[in-house]
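Asker: Sharing a structure, written as structure tokens. Questions coming.
Taken together, the values in this text are just the output of simple stated rules run on the coordinates, not laboratory data. The shown structure was predicted, so the numbers you read here are calculated from the model rather than taken from an experiment. Reconstructed Cβ throughout: ideal geometry from the backbone, glycine too, with neighbour counts over all protein chains shown.
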């Protein structure tokens, strides 16, 4: 028997539309987020604020002046990790896992055998499948 939480935690959970996209994609759109990830992916940076700073000029060389200005206005002065763009791949795989699991259970397969089959098909653990579908 599962105990209900003592207070509502929904205000701490990200809305679904944000949870399904990267932070950069949320603020800059898919196209600009991809440009940033390609140019700076895998780096920890402190986003420069001052346009005359050497770091700002280096970003301008890689991103262009407009995108650098957007990045500076949004995250200026903050430390930021730029991901490698794996978020979309992971998100897409999770959608595929959910869809395959639903297909199997709607087709009459029991939950446990469906989880095991999805795990085999995607070459992942049963536990990971359960995390994704929950």
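Asker: Let's test the formula: R0 of 30 Å, r as the Cβ-Cβ distance of residue 52 and residue 93. What FRET efficiency results, to the nearest 0.05?
Answerer: 0.10
Asker: Something else: Listing 22, 52, 91 from the residue with the fewest other Cβ atoms within 10 Å to the one with the most, what is the order?
Answerer: Least crowded to most crowded, the residues run 52, 91, 22.
Asker: Based on the Cα gyration tensor of the chain, what are the three equivalent ellipsoid semi-axes, each the root of five times an eigenvalue, rounded to whole Å and given largest first?
Answerer: 40, 19, 11
Asker: What does the highest-first list of 123-132, 23-32 look like by mean Cβ count within 10 Å?
Answerer: 23-32, 123-132
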